[in-house]
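What follows is a set of notes on a single structure, which appears directly below.
Just so it is clear, none of the values below were taken in a lab; they were calculated from the coordinates. What you see is a predicted model; the values in this text were computed from it and never measured. All Cβ positions, glycine included, derive from the backbone under ideal geometry; neighbour counts span all protein chains shown.
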Amino acid sequence: MMRSMFSGISGIRAHQVKMDVVANNIANVNTSGFKASRVAFQEVLNQTIQAAFAPDYDSGSQLGGMNAKQIGLGVSIGSIDVVHTSNGVQRTDRPFDVAIAEEGFFQVTNDLELFYTRAGNFYIDTEGNLVNQNGYKVCDDSGSPLIIDDVYSYTDFSIDAGGNVKAIDKLDGSVRNFGTIGIAKFTNPEGLMKLGNNLYRETANSGIADLRAPGSEGYSALIPGSLEMSNVDLSQEFTNMIIAQRGFQANARVITTSNSMLEELANIAR
């Protein structure tokens, strides 16, 4: 009965984590470029009551083999994965809004570290830097911050499907290309670490970022004037919420029932 109580406790903890992940997914249903997470459970360990035996016909016995007898001792969190599937885009018609059509990330920097994001709502600061909503500088396809010099001499800024940041010269009407926004791809994007603020960081298991121009071989083009929507599926999340709730309730009932059994056992000695 003590085993059942500890198994129930582990089940409550695991389903609480699942509920936390579901709640965060639902909270970010309208966050641009957000990627939902999912929880996978795994069995903790088993207590072996009896080991497995093979048939022993050499000794004259006619009995066959026997399987092991084991009792499970609870559940734990096996993994919390980020689901990097692409979702639809929301059209904004804003010249500095851009979405990645398929795989990849924008590379941004604070001049100290490199970060990666799917949120393409960019701006130009007073020094002509192309920055994201947190003030991180957007990198071009060579890994350098993309700068628009003499920003007040140009008009009609735009970003095309190839990531080229262009504008029209007010004086002679010529079109100038200030640089190309880079797209980074990873061998294992699920290995990236979430940092909040729609940012990811490279890890030892994500692989090294391969930065290239949008639309180049093997790399996605951009969708100008649009923002990627969150890939949270509300119908799936509500289903997961019900599953987490029922799992929590069932494990709580295990603890209650085990406690009643212990109470009944204690009453026998009275």
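Which stretch or stretches of region 25-54 have amide N atoms under 16 Å from the point lying 7 Å from Ile9's Cα along the Cα→Cβ direction?
44-45
Identify the residues of region 214-231 with backbone N under 20 Å of a label point that sits 7 angstrom from the Cα of Arg91 along the Cα-to-Cβ direction, or state none.
221-230
Extension gain Leu63-Thr48, at 0.36 nm per residue separation less the Cα-Cα distance, in nm? Intermediate values should be presented prior to the final figure.
Numbers: separation 15, 0.36 × 15 = 5.40 nm, distance 2.14 nm.
Here the answer is 3.3 nm.
Could I get the Rg over Rh figure for region 144-227? Both from C-alpha atoms, Rh via Kirkwood, rounded to two places. Display every interim value, and only then the final one.
Values: Rg = 16.0 Å, Rh = 14.9 Å.
With Rg and the Kirkwood Rh in hand, the quotient comes to 1.08.
How big, in percent, is the set of alpha carbon pairs in region 1-142 lying more than 25 Å apart?
On the way: 5755 of 10011 pairs.
Summing the P(r) tail past 25 Å for region 1-142 gives 57 percent.
How high is the relative contact order of the chain, given as a whole-number percent (alpha carbon pairs under 8 Å, six or more residues apart)? Can you show the working numbers first?
Numbers: 568 pairs, mean separation 68.4, N = 270.
Contact order relative to length: 25 percent.
Can you tell me which lysines have their Cα less than 29 Å from the Cα of Lys194? Leave out same-chain residues fewer than eight positions away.
Qualifying lysines at Cα under 29 Å: Lys18, Lys35, Lys137, Lys185.
Out of every Cα-Cα pair in the chain, what percent are more than 31 Å apart?
Values: 17470 of 36315 pairs.
So the portion of pairs separated by more than 31 Å is 48 percent.
How far, in degrees from 0 to 90, does helix 234-268 lean away from the longest principal axis of the Cα atoms of the chain, to the nearest 10?
30
Not counting the cut sites, what is the longest span of the chain without GluC sites (Glu not before Pro) that DSSP labels loop and that have at most 13 other Cβ atoms within 10 Å?
Details: sites that count: Glu102, Glu113, Glu127, Glu217.
It works out to 1-101.
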